[in-house]
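**Student:** Below is one structure. I have some questions about it.
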Amino acid sequence: MTGASSGLGWRFARILAACGAKVAIAARRAQRLDQLTAEIRAEGGVAEPFALDVAAVGGIAAVVDEIERRLGPVSILVNNAGVPDAQHATALTLEKIDQVIDTNMRGAFILSTEVARRLIAAKTPGRIVNIASMAAFEYSGGAAALYSVTKSALVRMTETLAVEWAKFGINVNGIAPGVFASEMTDGMFARMSDQMVSAFPRKRIGRPEQLDGALMFLVSPSSDFVTGTIIKVDDGQGSR
Ligand SMILES: NC(=O)c1ccc[n+]([C@@H]2O[C@H](COP(=O)([O-])OP(=O)(O)OC[C@H]3O[C@@H](n4cnc5c(N)ncnc54)[C@H](OP(=O)(O)O)[C@@H]3O)[C@@H](O)[C@H]2O)c1
């Protein structure tokens, strides 16, 4: 579970643990991970923290080795780590462009292949869930052009890897959230909350727990025949 140190990932880790999964929680901020680990353990769950920068060159395979050593083989991967661009395309520095692409897309691709390689070798089935965004499907301006590009790539990655790995029993699906409360969106709301929310048909933003059902479906036996699909969870906030 990447990006577990805040926002949606924090919730995903807790719900997976509450449902009995042994959860490897990964992100860069180790202190946050220790805090989440303590919370999960206090509720009777099993969790281990792993410092992981998905955008770093190298290192991903070593972290998966360590996860397997401490928790056993990985059977579910949630690619949730993500960063916004929050600037107009012409204002993006090369460093920012690399960070957004490497976190949202490259890291998810490398981690997926790392986990799939091990599942295929062990001849065991698995589930991969990519946290995309409604921004993959719609863009009406603002400052998220590159973010939208990377999320579209994540959707396409979901489709192509699902086809490539179907014969190995690995289901690859995604969730495209609309606007949910999290650290990523806090700053945005501080700037334009009323204006944005009043444009939504139900005048509300999502709470992380409103993604529980989609995640649980995609990692449970109920979705055995579902692969290469994106579930849009956006309360009708966006267009179709
Ligand atoms: N909130 C929304 O409205 C919304 C809507 C659509 C899609 N999403 C997607 O949902 C996912 C979670 O976002 P959020 O809203 O929960 O935002 P958030 O609170 O900012 O969480 C982002 C998470 O990603 C981690 N992360 C960032 N860069 C990383 C890196 N290089 N390596 C490892 N972890 C990294 C962060 O942890 P560290 O900083 O500790 O590394 C943090 O845990 C993202 O992919 C986002 O694009 C969110």
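**Student:** For region 128-237, what is the Kirkwood hydrodynamic radius in Å, using each pair of distinct C-alpha atoms?
**Tutor:** The Cα-based Kirkwood calculation yields 14.9 Å.
**Student:** Taking neighbour counts of Cβ atoms within 10 Å as a proxy for exposure, in what order, fewest first, do 216, 184, 134 appear?
**Tutor:** Fewest-to-most ranking of 216, 184, 134: 216, 184, 134.
**Student:** Using the basic label-point model (7 angstrom from Cα toward the beta carbon), what is the residue 217 to residue 138 distance in nanometres?
**Tutor:** 1.9 nm
**Student:** Can you tell me the equivalent ellipsoid semi-axes for region 54-233? Use √(5λ) from the Cα gyration tensor, largest first, whole Å.
**Tutor:** Over the Cα atoms of region 54-233, the semi-axes work out to 30, 20, 14 Å.
**Student:** What order do you get for 86-93, 36-43 when each peptide is scored by the mean count of other beta carbon atoms within 10 Å, highest first?
**Tutor:** 36-43, 86-93
**Student:** Testing the spin-label approximation: label points 7 Å from Cα along Cα→Cβ at residue 35 and residue 224. State their distance in nm.
**Tutor:** Going by the 7 Å Cα→Cβ label model, 4.1 nm.
**Student:** Give me the distance in nm between label points sitting 7 Å out from Cα along the Cα-to-Cβ direction at residue 19 and residue 109, one decimal.
**Tutor:** Those two pseudo-labels are separated by 2.9 nm.
**Student:** Something else now. Quick one: among 169, 141, 72, which has the greatest mean-square fluctuation in a GNM of the chain with alpha-carbon springs under 10 angstrom?
**Tutor:** In the Gaussian network model the winner is 141.
**Student:** By counting other Cβ atoms within 10 Å of each Cβ, how are 14, 69, 28 ranked from fewest to most?
**Tutor:** 69, 28, 14
**Student:** I've got another one for you. Have a look at 214, 132, 121 and tell me which one the Gaussian network model of the chain (Cα, springs below 10 Å) gives the largest fluctuation.
**Tutor:** Taking springs between Cα atoms under 10 Å, the residue moving most is 121.
**Student:** Here's a follow-up. What are the extents of the Cα atoms of region 27-122 along their three principal axes, listed from largest to smallest and rounded to whole Å?
**Tutor:** 48, 35, 18
**Student:** So which of 22/151; 96/151; 22/167 end up more than 20 Å apart, counting from Cα to Cα?
**Tutor:** Result: 22/151; 22/167 exceed 20 Å.
**Student:** While we're looking at this one, here's another question. Say a paramagnetic label sat at a point 7 Å from the Cα of residue 160, along Cα to Cβ; which residues of region 74-107 have their backbone N under 15 Å from it?
**Tutor:** Under cut-off, by backbone N: 105-107.
**Student:** Given Cβ point charges of +1 (Lys, Arg) and -1 (Asp, Glu) and nothing else, what value in debye, to the nearest 20, does the dipole of region 54-233 about its Cα centre take?
**Tutor:** 360 debye
Laboratory data are not the source of any read-out in this text; all were calculated from the coordinates shown. Quantities reported herein were computed from a predicted structural model and do not represent experimental measurements. Virtual Cβ from ideal backbone geometry, glycine too; neighbours counted across all protein chains shown.
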